[in-house]
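What follows draws every value from the coordinates through simple rules; no lab data is involved. Worth saying up front: this structure is predicted, and the values here are computed from it rather than measured. Every residue, glycine among them, receives a Cβ derived from its backbone with ideal geometry; neighbour counts consider all protein chains shown.
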Amino acid sequence: FLLYDHIGGLNTLFNGMATGAKIVVPVSRDPHVVAHAIETHKVKLLPASPTFLNLFLLSGAPESYDLSSLRFVTYGTEPMPESVLKRLNEKLPDTTFIQTFGTSETGISQTISRSSKSNLIKFDDPKTEFKIVDEELWIRSKSQVLGYLNHEMSRFTQDGWFMTGDIVKKADDGFLMIVGRREELINVGGEKVTPSEVENILLEIPEVADCLVYAQDNLITGQNVAAKIVPAGKADLKTLKRLIKQHCRQRLSAYKVPVRITLAEGEIFGSRHKKTRVQ
């Protein structure tokens, strides 16, 4: 499923070849096409992005096809909303959901998911070191690249650390939660907002099928929070704005509540089924 010009796709391709597995490449990334391929070829493992898995649920594909062969779903490339992971476990109770982590610069790292119902991971790779600097995940791997060709090297330190750009939170038991990308942080008068945190809250609203939270320029605060909404059902924009404001004021600090709310026009994700938050 994942494209082969990306570390996730290469990992699937090379691991499949190394183990002698059959690799099924769907003709498109339409959820029903993917589900049909799983049913037809008795696919056991589906690597995908959280955005695609949410579309998969919304499409009704899990109810329309026999997915009993599917033993594992691996996901990564972006934060997994808690509400989406919960619904996935409800729809596919016999499938194990595993979060993976990797970058094109450092390769795929061995990680452990806390559980199928958790979006927390722990590094378990003797070839990979990690540390957290100002909430950003830094990695030093024996398999990483030396740098970029004809490009600035500011993401690499002199002693070999690679700054991933991923913002993480560390739990008491050592597990990590990937919460977003540094370049996607919204700066509201000095207060930092992670888009995925607001998206998690928006997805709690039954009338919201999907959403994209991003920064909008503001003359007073520098930036404010904006949201594009994919409605569930026939809810109109006025109703959605009222429901969103009401719910977010109960669940979020005031500066995190979306100021601008619009309906999404077209897809809110790119060719790799990752949300495009930098507008």
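One table, with the values for the structure above:
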{"item": "Descending principal axes extents, segment 72-177, alpha-carbon based, whole Å", "result": "47, 29, 24"}
{"item": "Extension gain (nm, one decimal) between GLU204 and VAL25, 0.36 nm per residue minus Cα-Cα", "result": "61.1 nm"}
{"item": "Efficiency of FRET between ALA264 and HIS6 - r from beta-carbon atoms, R0 30 angstrom, step 0.05", "result": "0.80"}
{"item": "Estimated inter-spin distance, ALA232 and GLN246, nm [label 7 Å along Cα→Cβ]", "result": "1.6"}
{"item": "DSSP bridge orientation in the chain - percent antiparallel, rounded to nearest 5", "result": "75"}
{"item": "Helix-only CD estimate at 222 nm, as mean residue ellipticity for the chain, using -39500 (n - 2.57) per DSSP H run (n ≥ 4)", "result": "-7500 deg cm²/dmol"}
{"item": "Low-density loop positions, trypsin sites (Lys or Arg not before Pro), segment 199-279 - DSSP coil, at most 13 other Cβ in 10 Å", "result": "LYS234"}
{"item": "Over 31 Å (Cα to Cα) - which of LYS127/LYS256; LYS122/LYS241; LYS42/LYS169; LYS42/LYS86; LYS22/LYS228 fall in this group", "result": "LYS127/LYS256; LYS122/LYS241; LYS42/LYS169; LYS22/LYS228"}
{"item": "Taking GLU197, GLU63 and counting other C-beta atoms within 10 Å, the order from fewest to most", "result": "GLU63, GLU197"}
{"item": "Label point at HIS41 placed 7 Å out along Cα→Cβ; residues across segment 56-98 whose backbone nitrogen lies under 17 Å", "result": "66-74"}
{"item": "Whole-number percent relative contact order across segment 1-153, with pairs defined as alpha carbons under 8 Å at least 6 apart", "result": "16"}
{"item": "Peptides ranked, highest mean first, by Cβ atoms within 10 Å: ranges 39-47, 20-28", "result": "39-47, 20-28"}
{"item": "Paramagnetic reach from ASP124 in segment 77-116 [backbone N under 17 Å; point 7 Å along Cα→Cβ]", "result": "96-102, 108-116"}
